[in-house]
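*Asks:* Quick one: the structure is below, questions incoming.
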Amino acid sequence: MNKGTEATNWDPSFDDAPTTDVPRIRFSQKFSTKYLEGKNFILEIGCGTGSFTKLIDRSGYFGLDLSIDAIKVAKKYCVNSQFVVASALNLPFREEIFDMLCIWGVFEELPAGTERIILLESKRTLKSKSTLLLSTYNDHLISKILDPAHVFRGVRHYNLKKFIHLLSESGFLINEYTVRGGLNTAIAIFLFYFYKHILKKKNDLIKNFFDRKSADEINAGDKGLVYIYMATHKIL
C-alpha cells in the first residue's frame with residue numbers, strides 16, 4: 001500500500017491566494033476560537049495555501065503541507081507563522097511539543113487506510129491532554145453525489161460513528177462534534193470544482209449566491225449533512 005500522501009493539484013492561476021472567505025474555512029475559525037486561548041505552539045497539518053492559517057497567523061503557529069507550491073503562497077500571506085514541507089504521515093517534530101493541532105479537510109485526501117497513521121503521528125507530537133481539531137466530509141448521499149472530487153477522484157466521505165470509533169482507538173476523546181451544511185453547501189462544492197476546472201474562473205453571481213447560502217447553512221446549526229467538525233483531546 002502507498003503510504004505517501006496524495007498531493008493536491010495546485011493551479012498557480014487559481015490557487016494564488018488563501019481562500020479565507022470560503023464558508024467552511026470561516027466556520028473552522030468560529031469552531032476553534034474557544035480552544036485557541038492559551039495555546040502557544042499550534043500545528044496545522046495540510047495547511048495548503050494558508051486559507052485557515054491566515055485567520056490565526058501568529059508566532060508559534062506552524063503550517064505543514066506536502067506541496068512546496070502551496071507553502072510558497074501561504075508564506076506570502078501569513079508572515080507571522082512558520083511553515084514546513086513534509087508528509088502528514090511522518091511529522092518532522094519531536095514528541096509532545098504542540099499545545100494544539102488542526103487537521104482541516106485532510107483525511108479524505110489521504111491514501112485509504114492511512115487515517116490511523118496521521119492520528120498516531122498527531123498523538124505523538126501533542127502534549128498530554130492537548131487538543132486536536134479536525135474536519136472532514138460527512139458520508140451522506142447528497143454530499144457525495146454533488147462532490148466531483150468524490151465521483152471522479154474517490155475522495156472519501158466518512159461515517160460519523162465509525163470516525164469517532166477510529167479516534168477513540170487512536171487515543172483521542174471527543175469533546176464535541178457538529179455536522180454542518182445542507183443542499184446549498186453541496187451545490188456550492190459542485191460549483192467550486194465546475195468553475196475551477198471547466199470555466200477556469202473564480203466567481204460570478206451564481207457561485208457567489210450559493211456561497212452565501214452555504215455560509216447561512218453552515219452557521220445555522222447542528223442539522224447539516226456535508227461537513228463534520230470535531231474537537232478532541234489526547235487521552236494521555
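*Asks:* Quick one: which helices (runs of 4 or more DSSP H) sit completely within the stretch 41-132 and have at least 3 residues that are in contact with a Cys (Cβ under 9 Å, 6 or more places away or on another chain) and not charged (D, E, K, R)?
*Replies:* 68-77
*Asks:* Can you name the condition, by its number, that V73 falls short on among (1) aliphatic (A, V, I, L, M); (2) out of contact with any Phe, Trp or Tyr (no Cβ under 6 Å at 6 or more places or on another chain); (3) at pLDDT 95 or above; (4) within 26 Å of I235 (Cα to Cα)?
*Replies:* Of the numbered conditions (1) aliphatic (A, V, I, L, M); (2) out of contact with any Phe, Trp or Tyr (no Cβ under 6 Å at 6 or more places or on another chain); (3) at pLDDT 95 or above; (4) within 26 Å of I235 (Cα to Cα), the odd one out for V73 is (4).
*Asks:* Something else now. Could you give every pair whose Cβ atoms fall below 6 Å, whose first residue belongs to the stretch 51-63 and is touching a residue at least 40 places away in the same chain (Cβ under 8 Å), and whose second residue is outside any helix (DSSP H, G or I) and of a type outside the set (D, E), counting only separations of at least 6 or pairs across chains?
*Replies:* What qualifies is F52/W104.
*Asks:* For the condition over 28 Å from D11 (Cα atoms) and without any contact (Cβ under 8 Å) to a residue 24 or more places away in the chain, what is the one hit in H165, H233?
*Replies:* Sole residue among the options that is over 28 Å from D11 (Cα atoms) and without any contact (Cβ under 8 Å) to a residue 24 or more places away in the chain: H165.
*Asks:* In addition: If only one of G63, G50 is in contact with a strand residue (DSSP E or B) (Cβ under 9 Å, 6 or more places away or on another chain), buried (at least 22 other Cβ atoms within 10 Å of the Cβ) and farther than 30 Å from L183 by Cα, which one is it? Before the answer, list the steps.
*Replies:* Working: G50 fails: farther than 30 Å from L183 by Cα.
Exactly one residue qualifies, and that residue is G63.
*Asks:* Then there's this: When the stretch 95-143 is examined, which residues are found to be under 24 Å from K39 (Cα atoms), within 17 Å of the chain's Cα centre (by Cα) and of a type in the set (D, E)?
*Replies:* Answer for the stretch 95-143, where residues must be under 24 Å from K39 (Cα atoms), within 17 Å of the chain's Cα centre (by Cα) and of a type in the set (D, E): just E121.
*Asks:* Does the stretch 1-35 hold any residues that are modelled with pLDDT of 80 or more, more than 17 Å from I71 (Cβ to Cβ) and part of a loop (DSSP other than H, G, I, E, B), and which are they? Lay out the reasoning, then the answer.
*Replies:* Initial filter on the stretch 1-35 (modelled with pLDDT of 80 or more): 14-35.
So of that shortlist, the ones also more than 17 Å from I71 (Cβ to Cβ) come out as 21-35.
Within the stretch 1-35, D21, V22 meet the criteria.
*Asks:* If you go through the stretch 171-227, how many residues are surrounded by fewer than 20 Cβ atoms within 10 Å (Cβ to Cβ), hydroxyl-bearing (S, T, Y) and touching a residue at least 24 places away in the same chain (Cβ under 8 Å)?
*Replies:* 3
*Asks:* Answer yes or no as to whether G38 is modelled with pLDDT under 95 and of a type in the set (G, A, S).
*Replies:* Yes; evaluated as a whole, the condition is true for this residue.
The values are calculated or read from the model by the stated rules, or taken from the named source; none is laboratory data. As the structure is a computational prediction, the values presented were derived from the model and not from experiment. Glycine also receives a Cβ, built like all others from the backbone with ideal geometry; neighbour counts cover every protein chain displayed.
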